[in-house]
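Accompanying notes for the structure given below.
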Amino acid sequence: MDIIHVLNPFSHPFETSFARFENRDALLIKLYSEDCIGWAECKAFFGPYYNPEDNATVPHVLRDLIIPRILHTDIESPKAFMESMRFIIGNRLAKAAIENALWEIQAQQSGKSLKTLLGGTQEEIKVGVSLGMEKNIAALLAQIEKYLSLGYHRTKIKIKPGKDYEVIKAIRKEYPDIMLTIDANSAYTLKDMPLFKKMDEFHLEYIEQPLGESDIVDHAVLQKEIQTPVCLDESIVSYEAALAAIRLKSCKVINIKSSRVGGLYEAKRIHDICVEHHIPVWCGGMTELGIGRVQNISFASLPGFSQLAHDVAASDRYFVQDITSPYVQITPRCTIIVPDDNNTIRYEVDEKAVDRMSPDHWI
Ligand code: OSB
Ligand code: MG
């Protein structure tokens with residue numbers, strides 16, 4: 001296995017309540033099987049801003065714990081791999097990176113697409129845009145206008161205390177009817193209840209992760225008091241967390257990121273339980289490069305994802321250059337075509353592009 005560190009500048013900085021990003025700093029995994037290579041993209045960031053892992057903890061967990069256990073062994077399936085990793089607590093981004101590479105290997109060995117292996121049903125998926133915070137409202141309105149004119153189906157903006165009510169009010173004044181959502185990335189507490197009640201007037205599609213990143217209980221208190229659906233992101237780290245949130249009525253919508261929950265197998269279980277309980281789901285993003293982006297597209301083809309738009313945009317939403325050939329593109333309907341067994345569209349890893357973005361090799 002190789003771990004390759006790549007750095008790809010954003011064409012426009014991306015600012016959330018927890019950090020401002022100038023580039024995507026990512027670890028790529030190249031997993032060698034007998035007859036093929038499985039590529040995967042680890043979704044961790046430079047620091048532990050979004051969840052506890054980062055680009056320093058992941059190589060440790062891979063090199064010192066996971067790889068010694070799987071080197072020169074037969075692995076029956078991604079599921080069997082995950083079960084054998086239960087001795088490692090948490091560290092789901094690290095586990096998901098290997099799990100994703102195993103799905104790629106399984107796809108190659110079986111001659112099937114990831115969509116087919118996962119049970120995907122949709123030929124194309126609807127895309128939305130997640131917009132970072134800007135220095136003023138005019139700059140944000142310009143961003144919104146840009147992506148609306150490209151046809152993006154849903155606009156999500158990042159908020160934080162002091163950059164919330166007035167910003168949304170200004171957006172609603174300009175665009176009273178667009179499908180609008182907000183993402184706080186855990187920047188608030190229950191003390192902000194009056195603010196969230198007031199925001200009901202904006203008819204937002206949902207409010208993403210307003211409270212603590214591991215909270216399930218306070219979100220239930222909040223959801224009971226407001227009309228706007230709460231959508232959980234950070235808090236849903238596993239099937240068990242999803243079930244707890246459903247039972248406690250902590251949210252009405254769930255954003256599923258396969259990396260956050262330890263891989264595609266666990267993510268599909270969460271998708272299935274949400275469908276069973278009529279909780280709308282959509283596929284979240286982590287400003288991925290092409291490899292992770294294409295895996296998200298295949299995952300988002302599951303039947304429960306047919307209603308809402310996903311944080312799975314075209315490569316050029318974030319980057320001038322990408323590491324797949326072709327880059328991810330949107331159709332005139334602002335959808336993305338899902339790779340299938342008929343090779344309607346086929347993505348390859350562009351190793352020259354990977355090399356250009358990689359100042360050093362970690363292993
Ligand atoms: O909370 O959904 C989030 C990016 C990095 C970390 C967390 C989040 C995000 C995004 C961007 O909102 C989603 C994307 O376009 O990839
Ligand atoms: Mg989010």
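Taking the condition of being polar (S, T, N, Q) and under 22 Å from Ala138 (Cβ atoms), how many residues in segment 156-213 meet it? Number of matching residues: 1. Listed by first and then second residue, the pairs with beta-carbon distance under 9 Å, at least 6 apart or on different chains, first residue in segment 227-256 and under 21 Å from Glu205 (Cα atoms), second basic (Lys, Arg) and within 15 Å of ligand 2 (Cβ to nearest atom), are Asp233/Lys257; Asp233/Arg260; Glu234/Arg260; Ile236/Lys257; Ile236/Arg260. If only residues of segment 68-81 that are in contact (Cβ under 8 Å) with a residue 12 or more places away in the chain and under 25 Å from the mean Cα position of the chain (by Cα) are counted, the one that is farthest from Val261 (Cα to Cα) is Ser77. All of (1) within 16 Å of ligand 2 (Cβ to nearest atom); (2) without any contact (Cβ under 8 Å) to a residue 12 or more places away in the chain; (3) of a type outside the set (A, V, I, L, M) hold for Lys352 with one exception: (1). Note on segment 172-185: residues that are surrounded by fewer than 21 Cβ atoms within 10 Å (Cβ to Cβ) and closer than 24 Å to Phe14 by Cβ amount to 7. The residues of segment 25-51 that are buried (at least 16 other Cβ atoms within 10 Å of the Cβ), under 17 Å from the mean Cα position of the chain (by Cα) and more than 16 Å from ligand 2 (Cβ to nearest atom), listed by number, are Asp25, Ala26, Leu27, Leu28, Ala40, Glu41, Cys42.
Residue-wise test of (1) in contact with a strand residue (DSSP E or B) (Cβ under 8 Å, 6 or more places away or on another chain); (2) of a type in the set (D, E, K, R).
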residue	(1), (2)
Gln227	no, no
Cys231	yes, no
Glu240	no, yes
Ala244	no, no
Leu248	no, no
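Sort out which residues of segment 186-202 are within 24 Å of the chain's Cα centre (by Cα) and either within 16 Å of ligand 1 (Cβ to nearest atom) or exposed (fewer than 14 other Cβ atoms within 10 Å of the Cβ) (or both), and write them in order of number.
Quick first cut of segment 186-202, residues within 24 Å of the chain's Cα centre (by Cα) only: 186-189.
Across segment 186-202, the qualifying residues are Ser186, Ala187, Tyr188.
Where in segment 1-81 are there strands (runs of 3 or more DSSP E), lying wholly inside it, with at least 1 residues that are of a type in the set (A, V, I, L, M) and closer than 30 Å to Glu134 by Cβ? If you could, list the steps in order and put the result at the bottom.
Details: elements: 2-15, 20-32, 37-42.
Correct list: 2-15, 20-32.
Within segment 272-299, being in a helix (DSSP H, G or I), in contact with a strand residue (DSSP E or B) (Cβ under 6 Å, 6 or more places away or on another chain) and farther than 23 Å from Leu131 by Cβ holds for Cys274, Ile291. Applying the condition of being away from ligand 1 (no atom under 13 Å from the Cβ) and assigned to a helix (DSSP H, G or I) to segment 300-315 and asking which residue is surrounded by the fewest Cβ atoms within 10 Å (Cβ to Cβ) yields Pro303. Residue count for segment 144-171 satisfying the condition of being of a type in the set (Asp, Glu) and either on the phi > 0 side of the Ramachandran plot or surrounded by fewer than 18 Cβ atoms within 10 Å (Cβ to Cβ) (or both): 2.
Scanning segment 331-359 for residues that are among the hydrophobic types (A, V, I, L, M, F, W, C), part of a loop (DSSP other than H, G, I, E, B), out of contact with any Leu (no Cβ under 7 Å at 6 or more places or on another chain) and surrounded by 17 or more Cβ atoms within 10 Å (Cβ to Cβ) yields a single hit, Val338.
Only the coordinates and a few stated rules stand behind these numbers; no lab work does. Please read all numbers here as calculations on a predicted model, not as lab measurements. With ideal geometry, Cβ positions are generated from the backbone for all residues, glycine too; neighbour counts draw on all protein chains shown.
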